[in-house]
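Inspection log for the structure reproduced underneath, given as structure tokens.
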């Protein structure tokens, strides 16, 4: 069932820190990749958090810690693998408002940040994460910007290992990806994703879904590009993560 405008004020989360956030998790090596791991070490449900192209930004780490905060209806261990292995994109390249920035971003998406390349590594990574925490029985996935495209790729197969998924201000929205996504999907768009593509993507989904557009937020507000010192951005960042918790609480 599609849902719109749901505030999801159900979830108690830690106060959002606007500046100088101190992460609560630790960096571990999982499957040969540096990985930020946060949340209860004995959790039986895990979330794979696919960052945006800018990697380990405080806003992403804080978001992961929010998702990992135990609640009465959920307890998740959250994993953020460093798919780029230390070679994340430079945030100064975005927006690509000149030729040099455009070339650097374009090259990044063709090489280090090619979504199919990362999507192909995920199944093997989950097996290694389950060795790291043998209690894990169920997986959810959430992706931001570039990570949203990765989520589309790994959930649009019959053999997807994920029980529920979420995409936040996803990049490269392709309605054809949605046709084969059969698990529940939460889709939080910003004002910057092409509206027609978002609508077609929603129409092509056959499973349970929650779609919402944050019309006053930019692409990236829940990840590296979110200016949490702006009161409205901070409010909508918090609301976005509450929606994710409500969604995963329902389906995982």
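Based on the alpha-carbon gyration tensor of the range 1-101 and its eigenvalue square roots a ≥ b ≥ c, which shape applies: rounded if a/c is under 1.5, prolate if not and a/b is larger than b/c, or oblate? Taking the square roots of the gyration eigenvalues as a ≥ b ≥ c, the range 1-101 is oblate. Between the alpha-carbon centres of the range 55-130 and the range 132-208 there is a gap of 15 Å. Binning the C-alpha pair distances of the chain at 5 Å intervals from 0 yields a P(r) profile of 1, 6, 15, 19, 22, 18, 12, 5, 1, 0, 0 %, listed from the shortest bin outward. By other beta-carbon atoms within 10 Å, ranking 110, 101 with the fewest at the front produces 110, 101. The calculated FRET efficiency for the pair residue 230 and residue 123, based on their C-beta separation and a Förster distance of 35 Å, comes to about 0.35.
A short reminder: the numbers here are calculations on the coordinates, not readings from a lab. The structure displayed is predicted, hence computed values, not measured ones. Glycine gets a Cβ as well: all are built from the backbone with ideal geometry, and neighbour counts include every protein chain shown.
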